[in-house]
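Engineer: For reference, the structure I am asking about is given below.
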Amino acid sequence: MIQPINKDTLILSKKSTTATPNDAQVGQDLVETLQANKEVCVGMAANMIGVNKQIIVVQIGMISLLMYNPTIISKSQPYSTEEGCLSLSGERKTTRFEKIEVSYLDSNFQPQKQSFQGFVAQIIQHEIDHCNGIII
Ligand SMILES: [Zn+2]
């Protein structure tokens, strides 16, 4: 189900808790909500729809990649950039890493380890920050 976008910074600034297979519906809602906002948004974290769980979705071309409990296990090549966020207005400066390696549970709750770079890596870092209660 498409959910409304949460812009309450009090909720957004709380660290999210570990997701379990009981949260599969939240993951599905997150994918549908991202797809409904794809003109303006390339990634989303569960607290953006008001659920305080470590779940993110990232749009990679036609694919909405759902990740439960994502963790960055290595990162390299830092750079400065500016980002916007559907839950905030305007853009803000931040430091990101060109290359990251992420461990996560996929949509079937199977453990995965994957490397990302460039724009996709940037989106993932932004959404993992959301899971940690960090808003850009
Ligand atoms: Zn955001």
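Engineer: For the pair Ile72 and Ala36, what calculated FRET efficiency results from E = 1/(1 + (r/R0)^6), where r is the Cβ-Cβ distance and R0 = 35 Å, to the nearest 0.05?
Structural biologist: 0.80
Engineer: Here is a further query. Give me P(r) over region 1-89, computed from all C-alpha to C-alpha distances, binned every 10 Å, as integer percentages.
Structural biologist: 16, 47, 33, 4
Engineer: If the convex hull of the alpha-carbon atoms of region 9-48 is projected onto planes in all directions, what is the mean projected area in square nanometres? Mind showing how you got there, number by number?
Structural biologist: On the way: hull surface 12.9 nm².
Convex hull of Cα atoms, orientation-averaged projection: 3.2 nm².
Engineer: Could you work out the local net charge near Thr33, counting Lys and Arg as +1, Asp and Glu as -1, over the other residues with Cβ closer than 15 Å to its Cβ?
Structural biologist: Neighbourhood net charge equals -2.
Engineer: Could you derive backbone 3J(HN,Hα) for region 94-109 from the dihedral phi with the Karplus parameters 6.51, -1.76 and 1.60 (θ = phi - 60°), listing whole Hz in sequence and x where the residue is Gly or Pro?
Structural biologist: Along region 94-109, the couplings run 7, 10, 10, 10, 5, 10, 9, 10, 10, 9, 6, 9, 7, 5, 9, 6 Hz.
Engineer: Further question: Could you run the Karplus curve 6.51 cos²θ - 1.76 cosθ + 1.60 with θ = phi - 60° over region 55-69 and give me ³J(HN,Hα) per residue in whole Hz, x for Gly and Pro?
Structural biologist: Those phi angles translate into 9, 10, 9, 10, 8, 10, x, 7, 9, 9, 8, 8, 10, 9, 6 Hz.
Engineer: Report the relative contact order of the chain, percent, no decimals, based on alpha-carbon pairs under 8 angstrom and at least 6 residues apart.
Structural biologist: After rounding, I find 27 percent.
Engineer: Let me ask something else about it. Can you give the convex hull volume per residue for the Cα atoms of region 64-136, as a whole number of Å³?
Structural biologist: In region 64-136, the Cα hull volume divided by residue count equals 87 Å³.
Engineer: Non-local amide H neighbours of Asn6 (under 5 Å, H modeled in plane, Pro and chain starts lacking H): which ones?
Structural biologist: Close amide H contacts, sequence-distant or interchain: Ile49, Gly50.
Engineer: Under 5 Å between amide hydrogens, which residues at least 5 positions from Leu86 or on another chain qualify, with H placed 1.01 Å from N in the peptide plane?
Structural biologist: So Leu86 has HN proximity to no qualifying residue.
Engineer: Further, regarding this structure: Summing +1 for each Lys or Arg and -1 for each Asp or Glu, what net charge is found among the other residues whose Cβ lies under 14 Å from the Cβ of Arg92?
Structural biologist: Summing Lys and Arg as +1 and Asp and Glu as -1 gives -2.
Engineer: If you find the alpha carbon centre of region 20-57 and of region 97-136, how far apart are they in angstrom?
Structural biologist: 14 Å
Values in this text are rule-based calculations from the coordinates and carry no lab data. It should be emphasised that the depicted structure is a prediction, and the values quoted were computed from it without experimental measurement. Reconstructed Cβ throughout: ideal geometry from the backbone, glycine too, with neighbour counts over all protein chains shown.
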